[in-house]
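Before any comments, here is the structure.
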Amino acid sequence: MKILVVGNGGREHAIAKTLLRNPVITQVLCVPGNGGTATTDGCQNIAMGVKDFTGISRLALTHGVSFVVIGPEDPLAAGVADSLRSQGIAVFGPNKDGAQLEASKAWAKELMAEANIPTAQSASFDDLDGAIAYLDQQGAPIVIKADGLAAGKGVTVAMDLETAKDAVKEVFGGKFGEAGSSVLIEEFMAGREASVLAFTDGKTIRPLVAAQDHKRVGEGDTGPNTGGMGAYGPAPLVTPELMKTVETKILEPVIQTLAKRNIDYCGIVYAGLMITPDGSPKVVEFNCRFGDPETQVVLPLLETPLHQIMQACIDGKLGQIPPFQWRSGCAGCVVSASGGYPGSYEKGKVIMGLDAAETESTQVFHAGTKSTSSDGSPTVTTDGGRVLAVTGMGEDFDQAFAAAYKSLGAIAFDGAYYRRDIGYQVRSTTEIKSDHAGVAEQD
Ligand code: AMP
Ligand code: GLY
């Protein structure tokens, strides 16, 4: 089998590597891929944009791929899956209508209201005066969100009214472009966060083990939000009992409500959850794709062949495959970023030590990297903000993170930055704790 994976992040490298663990997968084509997929046996990078509708379909047809996996939200929201399906190409990933779950926060809120899914109270505004008047009425703490896709950066958790008003003005001032034509103002939820990713064929929905990510750039969960600085799973916060509640109160109602709207959803539903102080889950957001870096911890734990699950989703037969098999133990992932990220940073730094970093208990996933070949041997350089995600595996989280940090220690590039406290909630060895406890723990 050949499979085409669209995207160039750590998530896509993890998907490609996981698919290739099974010998029936002979080749994974990556559009455009990164330095990791360029140097992984069985992967081939094709330089092409992730929204190049015609290029991707031509590639899928000429190579006779079994299906296309679309990793990021952007091409899903732009309708790349619709275009491929209209040409008879099998796709893992929702059509444009289903991708609204992530692409429009207001649309997702409406769907949650219809499905009776627990989430924060909210109101949507497309004018500044209306939004300001609502803020005055509600007070702080309160949360401001640009409606559309803003790469995780369109959200302000405002602890005072002035910050809230500034955030609303920024959104309407055009900071987020199209994504900021309307604003969602949301009740602040206290608690601890967890991510539950679930496979669905539009009828059946099956969760993966829960993960927790660290969104803030700084140790102790401080500083600005990023795409994610590390993650771990299975997250003990999500007990089996809580997972059952997530399934019956959140995941199943989403799929039933999408189906009621005639949306045939195939792919991943990612529920970003706040586990509130009384122990009940509320939805912070939905994403229409695998999380990054959550994927880098959940896929190394998955033993059921990934292509079988994806194929079952495509065929509408997810309900027929046996319960997913999981490797015992824990996974911890630490992201190494370019100095300056999530602000400005330099690219093109040579990365050393990659070969030695991958061991029996670690996997190195590339994100913002590029491979160039001179005299036959590849040189991998930095090419983005989040550069690498190193996942360690172990019997417990201490072992998993010890393995991840040891590997990270073997890798060097100019300006490399990583948090030393990833997984502090579940490790016995870290001294750094969140100083956000009692507010919203950003984990
Ligand atoms: P989102 O892009 O909607 O996931 O929001 C980004 C981050 O902002 C979340 O991971 C939370 O840490 C925080 N956040 C979003 N909505 C709320 C809320 N209603 N209450 C508290 N924190 C929130
Ligand atoms: N790690 C958060 C996300 O993938 O959206």
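The values are calculated or read from the model by the stated rules, or taken from the named source; none is laboratory data. What you are looking at is a predicted structure, and each value in this text was computed from that prediction instead of being measured. Note that each Cβ is placed from the backbone with ideal geometry, even for glycine, and that neighbours are counted across all protein chains shown. Remember, those area values only see protein heavy atoms, side chains included, never the ligands or the DNA or RNA. Shrake-Rupley method; radii C 1.70, N 1.55, O 1.52, S 1.80 Å.
Okay, here's what the table says:
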quantity: Estimated 222 nm signal from helices in the chain, with DSSP H stretches of n ≥ 4 weighted -39500 (n - 2.57), rounded to 500; calculated: -8500 deg cm²/dmol
quantity: Zone of T245's modelled label, taken as backbone nitrogen in the range 259-284 under 16 Å from a point 7 Å along Cα→Cβ; calculated: 272-284
quantity: Within straight-line cross-link reach of K165, aspartates and glutamates at Cα separation under 14 Å, skipping those fewer than 8 residues along the same chain; calculated: D127, D129, D136, E186
quantity: Set of lysines with alpha-carbon distance to K349 below 20 Å, sequence-local pairs under 8 removed; calculated: K370
quantity: GNM flexibility winner over the chain from G228, G415, G267 (Cα, springs under 10 Å); calculated: G415
quantity: Entries in K260/K282; K51/K203; K51/K282 that, when Cα-Cα distance is taken, lie over 24 Å; calculated: K51/K203; K51/K282
quantity: Spin-label pair S374/K317, simplified geometry with 7 Å Cα→Cβ offset, distance in nm; calculated: 5.2 nm
quantity: Most mobile of D74, D375, D41 in a GNM of the chain (Cα contacts under 10 Å); calculated: D375
quantity: Solvent exposure of the range 200-349 as accessible area per residue, Å², 1.4 Å probe; calculated: 35 Å²
quantity: Leading residue at positive end of dipole, the range 312-415 (Cβ point charges), from G348, I314, S373; calculated: I314
quantity: Prolate/oblate/rounded call for the chain, Cα gyration tensor, a/c under 1.5 rounded; calculated: rounded
quantity: Whole-percent carbon and sulfur share, accessible surface of the range 177-332, 1.4 Å; calculated: 50 percent
quantity: Efficiency of FRET between E360 and I46 - r from beta-carbon atoms, R0 30 angstrom, step 0.05; calculated: 0.45
